[in-house]
Amino acid sequence: MKIIVLYGDIAVGKLTVAKEFVKTSGFKLFHNHLSHDLISSFIESRDDFFWDSVRKIRFDCVLMAKKKGVDLVMTTGYAGEESDGYIKGLIELCEKERIDLDFVHLFCNEEELMKRVGGESRKKHGKLLCSSKLKKFIDEKGVGLSIPYVDSLEIDNFEMSAEDVARLIKKKLL
């Protein structure tokens, strides 16, 4: 089994690229809002219990996919230390289960992120649509954070179509 994790800033295009990748790779899509939205449907607070529950759902789904021999492309944001518990837990799970795990860091400049955040495709999944909230997040966390303890395929998708990014990922990782 293989998992490819697409990560990057809010509005960088993770889900859009993942959908394109799925079209030609045989992988199945497990995007981060599936688990987040499930837990959000009955738990409102964003405390440790909430995030532990989201992580448990994600890890259980990885194990189900492994049992059925399904390759996954997953999406997630990365916000430094607050994301490390999930990322390190995923790495540990994949090592234990002998799952091939690759990371792809998508990034572009802040101006482009501000243009993309209000996009129509983001509304469907209840994603952040407000440029001022995105700006606040960027000011607090930074832009273009790469996970420092993993090797990532780094792709600046500022002037690339989602199809071209998906083709590049397929070429480099499959």
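The numbers here are math on the coordinates, done by the rules we state, and not lab data. In this text the structure is predicted, and so the values were computed from the model without any measurement. Cβ: placed from backbone, ideal geometry, glycine included. Neighbour counts: every protein chain shown.
Of the trypsin sites (Lys or Arg not before Pro) found in the stretch 3-87, the ones in coil according to DSSP and having at most 15 other Cβ atoms within 10 Å of their Cβ are Arg46.
Taking other Cβ atoms within 10 Å as a rough exposure proxy, Val117, Val70 sort from fewest to most as Val70, Val117. For the chain, the Cα-based Rg and Dmax, in that order, read 15.5, 43 Å. In plain terms, the residue of Thr76, Thr24 with the fewest other Cβ atoms within 10 Å comes first and the most crowded comes last, giving Thr24, Thr76.
Positive end of the dipole of the stretch 28-174 (Cβ unit charges, origin at the Cα centre): among Leu29, Pro148, Val54, the Cα lying farthest that way belongs to Leu29.
Relative contact order for the stretch 2-173 using alpha-carbon pairs under 8 Å, separation at least 6, rounded to a whole percent?
Values: 219 pairs, mean separation 63.9, N = 172.
Over the stretch 2-173, the number comes to 37 percent.
The three principal axes of the C-alpha atoms in the stretch 128-174 carry coordinate ranges of 37, 27, 16 Å, sorted with the longest axis first. Database remark: amide H of Val5 closer than 5 angstrom to the amide H of Met74, Asp102, Phe103, Val104 (H placed geometrically; neighbours at sequence offset of 5 or more, or on other chains; Pro and chain starts carry no H).
Placing +1 on the Cβ of every Lys and Arg and -1 on the Cβ of every Asp and Glu, with no other charges, gives the stretch 6-55 a dipole of roughly 380 debye about its Cα centre. For Asn109 and Ile43, the difference between the fully extended length at 0.36 nm per residue and the C-alpha to C-alpha distance is 20.4 nm. Inter-label distance, Lys171 to Asp156: 1.7 nm, where each label sits 7 Å from its Cα along the C-beta direction.
Each Lys and Arg contributes +1 and each Asp and Glu -1, all at the Cβ; summed about the Cα centre of the stretch 2-173, the dipole is approximately 800 debye.
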